[in-house]
Amino acid sequence: MLKTENADNNATSAILDEEDEDLARSEATFKFTIENISTLKDQVLSPPCYVRCLPWKILATVRHTTTPDRQQQKALGVFLQCNGDSETSGWSCYGLGEIRLLSHKQEGEHVIKKIHHMYHSKEDDWGYAHFVSWNDLMDPENGFVKDDSVTLEARVIAEAPHGVSWDSKRHTGHVGLKNQGATCYMNSLLQTLFFTNALRKAVYKIPTVGDDSSRSVAFALQRVFYDLQFSDKPVATKTLTRSFGWETMDSFMQHDVQEFLRVLLDKLECKMKDTCVEGTVPKLFEGKMTSFIKCKNVNCTSTRAETFYDIQLSVKGKNSIYESFNDYISTEVLDGENKYDAGEHGLQEAEKGVRFDVFPPVLHLHLRFQYDPERDASFKFNDRFEFYEQINLDAYLQEKPETPADYTLHAVLVHSGDNHGGHYVVFINPKGDGKLQHVNGLARPVQHHSLTVYWRELTVSIVTFRPVSERSGGPLPSITPQPSISPFPLHEPTFSCIRYPNTKLYSYSRGQQDIGDSRSDDHLYSRGSHAHLSLDNAILHRITR
């Protein structure tokens, strides 16, 4: 009656173990051939194709539908079923893709219909009761039927399921952090910092002998990083939040993620003073810029050197990250009632702006909330905004650097909700190979093309960029014309740009001599499968005591 085959027909028994390991894959394409279609009466199910460790099946059935003129019409109904044999409740899995009815004719047109649904125990199948009319199905001109058989094909892209067993350590090599109530923003940021190997190694080396983990931020962070590296289960953060001096209720209040990052790095920098890792924080995260005011008609210029740990970019009316940088360094004209007081030269027309002197190895970019002065409130707006897997920022430096300011995407912190609250998650590129992982309570791999699904529901909050190395590959985009590499579209059609709590932060990093290779503990970011840094016995004993 029925036959099922993989889209790739080259599978053999010699790779069964490999297929078993691939049960956790995030996407798959499989075919289902229904024989004796002319006599089909009952519904038929394909054998399972496993995605995210759940069985997915194509369900086909004969349906009788009513036309607008109240005539009965026979049709083929086609559905995509997920975990249909499960007797448990409480599970869910978001899936999207498409179902195709294939034409056997060389120039024939397939019937293709999109599908996306949150599958759960009460709705474990989703599709079309009238996928194609029976007359169109059996029409020889369409070429759907061959030897009284039709072939359906399904493409499934699924996110990691909830409410079912998911071994994130086994399938991704990483684990997540437990949410205490409203600490998702902190967890997302901690995961980004954890995958910054140079920082993690420096944190391990901070002397904490005699420290109380409930009072020492450095010691508590050492324990969190150690558990993330070696634990097989999601890691608790209560000791870390107690070391901040937080009470229980503080864990249920969403704090400003940008401010939290700055405070945490400041505490680590203070703890690192007079130790072998002193200066690690500014070495990794500190950049330099010069703000200036230059008079147009007299020889008078005022400059001031500044340091920064992150850059706040405006996205309103901007199409891409390059347009936001162009806006950041654009000059403001001071004229009319806003002329510049040039001292002995009096009030003068002038230009005011900033120029970047040095970008840091790890570049954090915040996309700010938009403030509406009429409403006296921050708000979200719906715009498309693009950032890229690799960027070059040479054009924004005052002087051309000896080492190009080439960066590759490391992490994207995103937020769903409004300016009063919501939920944070983070997508991390742990190996620098463009393969992002969705890290929350569990770690889950994410396919590049499925990111758009998230952007429709989530607001980018923080994006981290890391140094480009010879392993990251791919040409760097130029500023003009638009980059040739595929952009990451944010919020099609929804995008939000608010500072709190939807502050957007991107983090990029640049190629450095001290990055090292994948076999070294000194490289800036992890490229090993488990991101394991080696710990000597003294450090291991101190952290786990």
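The values are calculated or read from the model by the stated rules, or taken from the named source; none is laboratory data. Because the structure is a prediction, the values reported are computed rather than measured. No Cβ is skipped: glycine too gets one built from the backbone with ideal geometry, and neighbour counts run over all protein chains shown. These accessible areas exclude ligands, DNA and RNA; they are computed on the full protein's heavy atoms, side chains included. Shrake-Rupley method; radii C 1.70, N 1.55, O 1.52, S 1.80 Å.
Extending 7 Å from the Cα toward the beta-carbon at both Thr403 and Thr39 defines two label points whose distance is 7.3 nm.
For the listed peptides 171-178, 343-350, a ranking on the average number of other beta carbons within 10 Å per residue, highest first, reads 171-178, 343-350. Estimated from the Cβ-Cβ distance and a Förster radius of 41 angstrom, the FRET efficiency linking Asn135 and Asp232 is about 0.15. Among 129-137, 103-111, 302-310, 212-220, sorting by the average number of other beta carbon atoms lying within 10 angstrom of each residue, highest first, gives 212-220, 129-137, 302-310, 103-111.
In a reduced charge model with +1 at each Lys and Arg Cβ and -1 at each Asp and Glu Cβ, region 18-158 shows a dipole moment near 520 debye about its Cα centre.
Solvent-accessible surface of protein heavy atoms, probed at 1.4 angstrom with all chains present, puts Lys146, Lys57, Lys400 in the order Lys400, Lys146, Lys57, largest first. Cβ-Cβ distance of Val358 and Arg262, R₀ of 22 Å, FRET efficiency by 1/(1 + (r/R0)^6): the value works out to about 0.70.
Selection among Thr66, Gln106, Cys53 by position relative to the dipole of region 18-158 gives Thr66 as farthest towards the positive end (Cβ unit charges, Cα centre).
Working out 0.36 nm times the residue gap between Asp376 and Cys300, then minus their Cα-Cα distance, what length gain in nm do you get to one decimal?
In short, 23.6 nm is gained.
Label positions at Lys273 and Lys288, each projected 7 Å from the Cα along the C-beta direction, are separated by 2.2 nm.
Accessible surface comparison of Cys270, Cys184, probe 1.4 Å, protein chains only, largest first: the order is Cys270, Cys184. Equivalent ellipsoid of region 18-158: semi-axes from √(5λ) of the C-alpha gyration tensor, largest first, are 27, 18, 13 Å. Of the listed pairs Lys74/Lys105; Lys238/Lys283; Lys238/Lys273; Lys205/Lys273, which have alpha-carbon separations greater than 21 Å here? Violating the 21 Å Cα-Cα cut-off are Lys74/Lys105; Lys238/Lys283; Lys238/Lys273. To the nearest 0.05, how large is the calculated FRET efficiency for Ser89 and Lys113 if R₀ is 45 Å and r is the Cβ-Cβ distance? Rounded to the nearest 0.05, the efficiency is 0.95. Average accessible surface for region 14-96: 51 Å² per residue, computed with a 1.4 Å probe over protein heavy atoms with every protein chain in place. Length gained on full extension, Val333 to Gln106: 75.3 nm, using 0.36 nm per residue less the C-alpha separation.
Using the per-residue mean of other Cβ atoms lying within 10 Å as a proxy for protection, in what order, highest first, do the peptides 356-367, 66-77 fall?
Top to bottom by mean Cβ count within 10 Å: 356-367, 66-77.
The distance between label points at Glu247 and Thr29 comes to 5.8 nm (points 7 Å beyond Cα on the Cα→Cβ vector).
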